[in-house]
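The values are calculated or read from the model by the stated rules, or taken from the named source; none is laboratory data. Bear in mind that the values here come from a model prediction, so they are computed numbers and not experimental data. A quick note on method: Cβ atoms are made from the backbone with ideal geometry, for glycine too, and the neighbour counts reach across all protein chains shown.
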Ligand SMILES: Nc1ncnc2c1ncn2[C@@H]1O[C@H](COP(=O)(O)OS(=O)(=O)O)[C@@H](OP(=O)(O)O)[C@H]1O
Ligand SMILES: [Mg+2]
Ligand SMILES: [Mg+2]
Ligand SMILES: [Mg+2]
């Protein structure tokens, strides 16, 4: 069964009449093709031939070579294989549910001491939210598609939770997971019926293994990206992507704290006090928080506001299309970058900004919310130049990259190459840094500025 997307904004809307002349080259602009096109040719108002072709052929006129003269193509439908529709819907429902959970957790984290924040071996923070979201998303995907059909790569593991000293922490995670899953029917998801015990919660977390990153099709999850931002009452994201044959094909990015005003995004603007007053109890839909998503080749990216109050989630929950900004003048463009200097060189990007002619102060934002800002048109550039030894993980980028690309933007490394999600857990071969842009003009200027200044940098 395939879902026939007759309203997709894929390079053409269907039904659609195309005039094809034998002299033209491509019938359609080159696109990432996912399905088949049904059409009939019309020559002098009588039907010539009908055909179903793989959309990959559309970028060549070979399939029209039999045409003996100019003709009209009546395109009747575009079929995108079902494999993406159901998976996208379940992923969005799960991330939406996890966003509301994290809002509640962040609200009460801010009202308590920091004892709920733990440190991992690499000294990065991990909280009840990270473990709980990983357990919940893992459980929901396995329930929806059968655990034998689901492979998940995710950031967290059960090492800290399994320690004898972590009994209280594990109990808190189990309680949090069950409270959230009890609400699953509100999101159109099947709940477990009875509470999961500690063993089932640990199994859900640990079934997400790094080994899955070598498979041909796997989910990749960052349960809380920007945990630092989460514990500081600021921005963070829940990032879920589906990777097939080394490329992200679905991207879902939950941004529970995304504010209604873009200037509130920036850490140094100190709006987190205002944001923290907009708690999950007092907020209404649209106040703060959204879920962004896209499917490869869909040609569109979408954003739905978080649900508040007792309303039930109805797919696609008043989603609206988002597009990158059309600003390509550096003097008007805004760039965003990580908050932590340890995660990206602020001095190097300041030099790039100066040489490219960027005038606006950088938006320093935690997590993949930076990707969301580009996809929504709230910023034009995201730059990250981590220290030489740091290896970027696929869960920190997969969802955001696809959403920006389907919103009309582009993401490459500093050499202009796409990020490579086909080499396991890390973005192997990344050339110097990550540059995401709303458009090619700004992107080209930044690439040139990096080349011009790299040798004099200490990176
Ligand atoms: N040293 C270093 N260099 C580069 N990146 C690092 C580094 N350390 C951590 N990380 C990963 O970056 C994730 C946070 O990225 P951000 O872009 O949000 O950085 S920042 O939080 O704004 O500083 C953060 O994601 P989460 O762990 O999910 O929070 C880290 O995985
Ligand atoms: Mg982390
Ligand atoms: Mg992360
Ligand atoms: Mg994380």
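Would you say residue 133 is modelled with pLDDT of 95 or more, within 16 Å of ligand 1 (Cβ to nearest atom) and closer than 22 Å to residue 314 by Cα? Yes, satisfied. Regarding residue 213, is this residue within 21 Å of the chain's Cα centre (by Cα) and either over 30 Å from residue 311 (Cα atoms) or free of Cβ contacts under 8 Å to residues at least 12 places away in the same chain (or both)? Yes: the conditions hold for residue 213.
Give 214, 175 a once-over and let me know the one that is at pLDDT 95 or above and either under 26 Å from residue 242 (Cα atoms) or not assigned by the TED database to the domain that holds residue 396 (or both).
Values: 214 fails: at pLDDT 95 or above.
Of the residues listed, the single one that is at pLDDT 95 or above and either under 26 Å from residue 242 (Cα atoms) or not assigned by the TED database to the domain that holds residue 396 (or both) is 175.
For the stretch 345-376, enumerate the residues that are within 16 Å of ligand 4 (Cβ to nearest atom) and farther than 22 Å from residue 405 by Cα. Steps first, answer last, please.
Narrowing the stretch 345-376 to residues within 16 Å of ligand 4 (Cβ to nearest atom): 365-372.
Hits for the stretch 345-376: nothing passes.
Need the failing condition index for residue 336 against (1) over 17 Å from the mean Cα position of the chain (by Cα); (2) assigned by the TED database to the domain that holds residue 399, just the number. Here residue 336 clears every test but (1). Mind listing whichever residues of the stretch 229-239 are in a loop (DSSP other than H, G, I, E, B) and more than 29 Å from residue 150 (Cα to Cα)? Answer for the stretch 229-239, where residues must be in a loop (DSSP other than H, G, I, E, B) and more than 29 Å from residue 150 (Cα to Cα): 232, 233, 234, 235. Of the residues that make up the stretch 147-155, is at least one touching a strand residue (DSSP E or B) at 6+ places or on another chain (Cβ under 9 Å), modelled with pLDDT of 95 or more, within 16 Å of ligand 3 (Cβ to nearest atom) and closer than 16 Å to residue 226 by Cβ? Yes. When the stretch 377-394 is filtered for residues that are touching a strand residue (DSSP E or B) at 6+ places or on another chain (Cβ under 7 Å) and surrounded by 24 or more Cβ atoms within 10 Å (Cβ to Cβ), the ones remaining, listed by number, are 379, 380, 381, 382, 383, 394.
Hey, any hits in the stretch 225-234 for a residue that's under 16 Å from residue 96 (Cα atoms), buried (at least 24 other Cβ atoms within 10 Å of the Cβ), within 16 Å of ligand 1 (Cβ to nearest atom) and modelled with pLDDT of 95 or more?
Taking the stretch 225-234 first, the residues under 16 Å from residue 96 (Cα atoms) are 225.
Filter once more, keeping what is buried (at least 24 other Cβ atoms within 10 Å of the Cβ): 225.
Remaining after also requiring within 16 Å of ligand 1 (Cβ to nearest atom): 225.
Now narrow it down to the ones that are modelled with pLDDT of 95 or more: 225.
Yes, some residue in the stretch 225-234 is under 16 Å from residue 96 (Cα atoms), buried (at least 24 other Cβ atoms within 10 Å of the Cβ), within 16 Å of ligand 1 (Cβ to nearest atom) and modelled with pLDDT of 95 or more.
Here is a check on your reading of the model: is residue 106 assigned by the TED database to the domain that holds residue 220, crowded, with 23+ Cβ neighbours inside 10 Å, within 16 Å of ligand 4 (Cβ to nearest atom) and more than 21 Å from residue 163 (Cβ to Cβ)? Yes, satisfied.
Results for (1) over 24 Å from residue 400 (Cβ atoms); (2) in a strand (DSSP E or B); (3) modelled with pLDDT of 90 or more; (4) in contact with a helix residue (DSSP H, G or I) (Cβ under 7 Å, 6 or more places away or on another chain), shown as yes or no for each residue.
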residue	(1), (2), (3), (4)
185	yes, no, yes, no
190	yes, no, yes, yes
202	yes, no, yes, no
220	no, yes, yes, yes
241	no, yes, yes, yes
250	no, yes, yes, yes
274	yes, no, no, yes
281	yes, no, no, no
285	no, no, no, no
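Quick check on the stretch 149-166. Is at least one of its residues closer than 30 Å to residue 85 by Cβ, surrounded by fewer than 14 Cβ atoms within 10 Å (Cβ to Cβ) and in contact (Cβ under 8 Å) with a residue 60 or more places away in the chain? Within the stretch 149-166, none of the residues are closer than 30 Å to residue 85 by Cβ, surrounded by fewer than 14 Cβ atoms within 10 Å (Cβ to Cβ) and in contact (Cβ under 8 Å) with a residue 60 or more places away in the chain. Out of all the residues in the stretch 173-192, is one or more touching a strand residue (DSSP E or B) at 6+ places or on another chain (Cβ under 8 Å) and either in contact (Cβ under 8 Å) with a residue 40 or more places away in the chain or away from ligand 1 (no atom under 16 Å from the Cβ) (or both)? So far as the stretch 173-192 goes, no, none of its residues is touching a strand residue (DSSP E or B) at 6+ places or on another chain (Cβ under 8 Å) and either in contact (Cβ under 8 Å) with a residue 40 or more places away in the chain or away from ligand 1 (no atom under 16 Å from the Cβ) (or both). When 438, 353, 407 are checked against the criterion of being under 15 Å from the mean Cα position of the chain (by Cα) and more than 16 Å from ligand 2 (Cβ to nearest atom), 407 stands alone in meeting it. Restricting attention to the stretch 83-131, the residues being more than 16 Å from ligand 3 (Cβ to nearest atom) and closer than 19 Å to residue 191 by Cα number 13. Evaluated against (1) surrounded by 15 or more Cβ atoms within 10 Å (Cβ to Cβ); (2) more than 16 Å from ligand 2 (Cβ to nearest atom); (3) part of a loop (DSSP other than H, G, I, E, B), residue 141 falls short on exactly one condition, (3).
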